[in-house]
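Q: Got a structure here, written out as structure tokens. Questions coming.
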Amino acid sequence: MKHIRNFCIIAHIDHGKSTLADRLIQSCGGVSLREFHDQMLDSMDIERERGITIKSNTVTLDYRAPDGQDYLLNLIDTPGHVDFSHEVRRSLMASDGALIVVDASQGVEAQTVANLYLAMEYDLDLLPVINKIDLPAADVDRVREEIDSDLGLDPFAAIPVSAKTGVGIDDVLAGIVEHLPAPTGDPEAPLKALVFDAHFDKYRGVILQVRVMEGTLKPRDIIHFMHTDRDFKVDELGYNQLKLVPRKQLSAGEVGYIVAGVKSVQDIEIGDTITLANRPATEPIPGYQPARQVVFSSVYPMSTDEYQDLTKALDKLAINDAALTYEKDSSAALGFGFRCGFLGLLHLDVIQERLQREFDIGLVISAPSVKYQLTMTDGSTLEVDNPSYWPDPMKIQSAAEPYIKATILTPEAYVGPIMELCRDHRSESQTMNYLSAGRVEVVSEMPLGEVLFDFYGKLKMITRGYGSFDYVPIEYRTTDVVKVEILVNKEPIDALSYLVHREKARTRALHYCEQLAEAIPRHQFKIPIQGAIGGTIIARATIQPYRKDVTAKLYGGDVTRKNKLLEKQKKGKAKMKQFGSVNIPQKAFVSVLQAD
Ligand code: GTP
């Protein structure tokens, strides 16, 4: 066991985590150069294209230290983004130490700090790495200062590297062995293994990634999942060495995979503890938190005959994504679809993109919403995320919405506008901490619902891309929320309804009305587009009719005939208004809903 190191890499997005991981793998001879391709651990196309790590992957490396000793290094990959923080937690729980990667030209960012706090929660030993020292803009001394003042870590322990050119990689490997601790645990104790990741394989079913804390696990053992209370038989287990390499056992301190006839990741919970059915541990590993969906949205196929395809696609995605929830939903305007739950906005984005790209389904996605907690006048409670199920406001006694603690790191110059942005988004408190040279940390408590709209984009704009943002959910707080309906020609269009704080209702309604007025083609009659709370109109736009000049053909002649014709046309219009239905093109929904 003293020759094992279990560690993960944490970093702000784009600071080079995946590139560094690839380098470490390559240096340990994990693959031949010919087999080596750029982003080894990021296996999904979208990940590669957008350069973000979504599902974690793990790999066991053979490393011979300068003193000739052989080590097994288990590199536990972590997703970088806040939306996946429960996955980050899992990876941290499976590790004994972590590399903290900081970009030498960008310095410490909000995610670096947020992830550091998490790592400290799990008592990990930390080794800072300063990456991208090959860049002309690299400023290693400044970053060392930030590592000291912003992260509170020893600046002299930081290892300067270039994951791109390979400079310093050997120092990182030596540093891991020297500064990060070996695992502990008793191979004879009752089994406790943490399931920290799982993915679906077409041929083998679900492949579980585990870290054995105590005890020993062998093929043919019957394993028991302590939280989900299910049993499976182990078919095979072993090390992840870019391919699966079977072994005779996994014991305390080791990291590896298990194949055990699990059909879908929905059947298990990541973070669960595995023990042996015939010799169970008494307590699961502490710190278990199931994935929580906090953002909800309805997803409809652009054309109704794609509904079956959408169903199949979601089933397929869910096999591999335990955090995605979906249930049938329908809209008078858009037909059948699904109400989906996501971990956050990025998760929604990723799923939407995969549906469109991998499954080639055109989609209309309703405005994302948080989940509100309602206390009704009869004393009962209700949770609602879907505007369609919003109860009669007369029956609601009080409502609460989820709040977050947001951390924004920014150059000092932008603090004023950022404070204003936060206040515009109903921030309830803002505190500032001055960090190293000209950098400020703004901590703000604000509603999660407020960052779903137009927050991140504005932040990036205000700070010219220098501001970074991260958040953790904190609690539910009382709020004044209303349901806004959008009416086209007096008919409510259900798919466009949304739940929002009363203060924000009008601005958004106006925005929707104006967008719709642009996206719906003119008809022969005037179309009012309105935003309304209950019966009260709060915003309005109008689509003017075509004016067919019916009198153009009448040259001079009888005035009464001309008037008659105009009269007839007016009636015709009234009839249309009354009975005529407005033709709203699907793309109008897309343009309105995407405008957020
Ligand atoms: P996520 O997967 O989103 O968490 O990002 P990441 O932290 O894994 O970053 P990734 O490894 O994808 O690198 C981000 C970008 O930085 C890529 O374009 C890399 O090629 C580049 N990069 C990584 N390391 C270096 C380096 O040492 N020098 C230079 N010049 N570029 C680097």
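Q: At 0.36 nm per residue, minus the direct Cα-Cα distance, what do HIS227 and THR282 gain on full extension? Give it in nm, one decimal, please.
A: Details: separation 55, 0.36 × 55 = 19.80 nm, distance 1.23 nm.
Residue separation times 0.36 nm, minus the Cα-Cα distance, leaves 18.6 nm.
Q: What full-extension length gain, to one decimal in nm, is calculated for ARG540 and THR165 as 0.36 nm per residue of separation minus the Cα-Cα distance?
A: Extending this stretch completely gives an extra 129.2 nm.
Q: Using a Förster distance of 25 Å, how high is the FRET efficiency between GLU518 and SER303, based on the Cβ-Cβ distance and rounded to 0.05? Numbers along the way, then the final one.
A: Details: r = 23 Å, r/R0 = 0.91.
In this case the efficiency is close to 0.65.
Q: Given axes a ≥ b ≥ c from the Cα gyration tensor, I'd like to know whether segment 192-276 is rounded (a/c under 1.5), prolate (a/b larger than b/c) or oblate.
A: In terms of gyration-tensor shape, rounded.
Q: Something else now. Where Lys and Arg each count +1 and Asp and Glu each count -1, what net charge lies around ILE396 among other residues with Cβ under 12 Å from its Cβ?
A: Value of the local net charge: -1.
Q: Sticking with this one: Let me check I've understood the local charge: for HIS15, count other residues with C-beta under 11 angstrom from its C-beta, Lys and Arg +1, Asp and Glu -1. What total comes out?
A: Summing Lys and Arg as +1 and Asp and Glu as -1 gives -1.
Q: Between segment 439-486 and segment 126-143, how far is it from one alpha carbon centroid to the other, in angstrom?
A: Measuring centre to centre over Cα atoms gives 30 Å.
Q: Still on this structure, I have one more. With the Cα gyration tensor of the chain giving a ≥ b ≥ c as the square roots of its eigenvalues, does the rule (a/c under 1.5 for rounded; else a/b larger than b/c for prolate; else oblate) give rounded, prolate or oblate?
A: prolate
Q: Pop a pseudo-label 7 angstrom from the Cα along the beta-carbon direction at both MET1 and ASP125 and give the gap in nm to one decimal.
A: With each label placed 7 Å out from Cα toward Cβ, I get 1.5 nm.
Q: To check my understanding: the extent here is largest minus smallest coordinate of the Cα atoms along each principal axis. What are those three numbers for segment 372-479, in Å, largest first?
A: 56, 22, 18
Q: Could you work out what % of the accessible surface of the chain is carbon and sulfur, using a 1.4 angstrom probe and leaving DNA, RNA and ligands out of the count? Let's see the in-between values first.
A: Working: 13480 of 27450 Å².
The value for the chain is 49 percent carbon and sulfur by accessible area.
Q: Could I have the simple spin-label model distance between MET461 and TYR389, label points 7 Å from Cα toward Cβ, reported in nm to one decimal?
A: About 3.5 nm, to one decimal.
Q: Label segment 130-178 by shape, choosing from rounded, prolate and oblate, from the square roots a ≥ b ≥ c of the eigenvalues of the Cα gyration tensor; if a/c is under 1.5 it is rounded, and otherwise prolate applies when a/b is larger than b/c, oblate when it is not.
A: Cα axes put segment 130-178 in the oblate bin.
Q: In what sequence, largest accessible area first, do LYS248, LYS328 appear using a 1.4 Å probe?
A: Reading off the accessible areas and sorting them downward yields LYS248, LYS328.
Q: How much length, in nm to one decimal, is gained on full extension between ARG477 and THR184, taken as 0.36 nm per residue of separation minus their Cα-Cα distance? The partial results should precede the final answer.
A: Values: separation 293, 0.36 × 293 = 105.48 nm, distance 4.22 nm.
Residue separation times 0.36 nm, minus the Cα-Cα distance, leaves 101.3 nm.
Q: Let's see if you can work this out: charge +1 on each Lys and Arg Cβ, -1 on each Asp and Glu Cβ, no other charges. What is the dipole magnitude of segment 192-276 about its Cα centre, in debye to the nearest 20?
A: Here the size comes out at about 360 debye.
Q: Same structure, new question: To the nearest 0.05, how large is the calculated FRET efficiency for GLU503 and ASN433 if R₀ is 35 Å and r is the Cβ-Cβ distance? Walk me through the numbers before you get to the answer.
A: Working: r = 29 Å, r/R0 = 0.82.
The value I calculate is 0.75.
Q: At 7 Å along Cα-to-Cβ for each site, give me the label-to-label distance between LEU242 and ALA137 in nm.
A: Those two pseudo-labels are separated by 3.2 nm.
Q: For ASP201 and LYS526, what is the calculated FRET efficiency with R₀ set at 51 Å and r taken between the beta-carbons, to the nearest 0.05?
A: It comes out at approximately 0.30.
The values are calculated or read from the model by the stated rules, or taken from the named source; none is laboratory data. Because the structure is predicted, anything quoted here is derived from the model rather than measured. Methodologically, a virtual Cβ is constructed for each residue, glycine included, from the backbone with ideal geometry; neighbour enumeration extends over all protein chains shown. Protein only, heavy atoms only, side chains kept; ligands, DNA and RNA dropped before computing areas. Shrake-Rupley method; radii C 1.70, N 1.55, O 1.52, S 1.80 Å.
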